[in-house]
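The structure under discussion appears below in the form of structure tokens.
Every read-out reported here was derived from the displayed coordinates using simple, explicitly stated rules and does not represent laboratory data. Keep in mind that what you see is a predicted model, and the values were worked out from it rather than measured. Note that each Cβ is placed from the backbone with ideal geometry, even for glycine, and that neighbours are counted across all protein chains shown.
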Amino acid sequence: MFPFVTTILRALRRGPATRRYPYEVRPPMAGSRGHLVNEPDTCIYCGLCVRRCPAGALAVTREPKSWTLDPYRCILCAYCVEVCPKKCLRMEPSHVRAAS
Ligand code: SF4
Ligand code: SF4
């Protein structure tokens, strides 16, 4: 007679099907590309990553030493990580960028 009552009771028994983001954050999956990180102490500001980036998301200058990423242009392809001669770039699995 009231088929939805069964559905409601089942949902109440199981609990919510979704997480209460941002209070409950799902741990990132292994190998996921969350965001790009550079280690400025190792970077030699050669600009190879800029030339390889297909999205134009990077900018590097030697004087003054500057490496900047536009996170809204980055498509997380990790091409820059592959070409970096100093291996100072890496992809972090978390999508949440640490405050800087
Ligand atoms: S390729 Fe690597 S070493 Fe060269 S500027 Fe980019 S991050 Fe720095
Ligand atoms: S991950 Fe790809 S899009 Fe993002 S900065 Fe590196 S090369 Fe550019």
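The Cα atoms of segment 26-92 define a convex hull whose projected area, averaged across directions, is 4.8 nm². If you run the Gaussian network model on the chain, springs between alpha carbon atoms under 10 Å, then out of 19, 90, 33 the most flexible one is 19. Compared with the direct C-alpha span, the chain from residue 10 to residue 79 gains 20.1 nm at full extension, assuming 0.36 nm per residue. Here the gap between residue 17 and residue 42, fully extended at 0.36 nm per residue and compared with their Cα-Cα distance, gives a gain of 4.6 nm.
Ordering 37, 61, 83 by the projection of their Cα atoms onto the charge dipole of segment 26-92, which places +1 on the Cβ of Lys and Arg and -1 on the Cβ of Asp and Glu, puts 83 at the extreme positive end. Computed over the chain with a Gaussian network model linking Cα atoms closer than 10 Å, the most mobile of 57, 17, 78 is 17. How far, in degrees from 0 to 90, does helix 3-14 lean away from the longest principal axis of the Cα atoms of the chain, to the nearest 10? Compared with the principal axis, the helix lies near 50 degrees. Across segment 55-71, coupling constants 3J(HN,Hα) worked out from phi with the 6.51/-1.76/1.60 Karplus curve, θ = phi - 60°, read 9, x, 8, 10, 9, 10, 10, 7, 10, x, 5, 8, 10, 10, 10, 8, x Hz, and Gly and Pro carry x.
Under a model in which nothing but the beta-carbon of Lys, Arg (+1) and Asp, Glu (-1) is charged, segment 26-92 shows a dipole of about 140 debye around its Cα centre.
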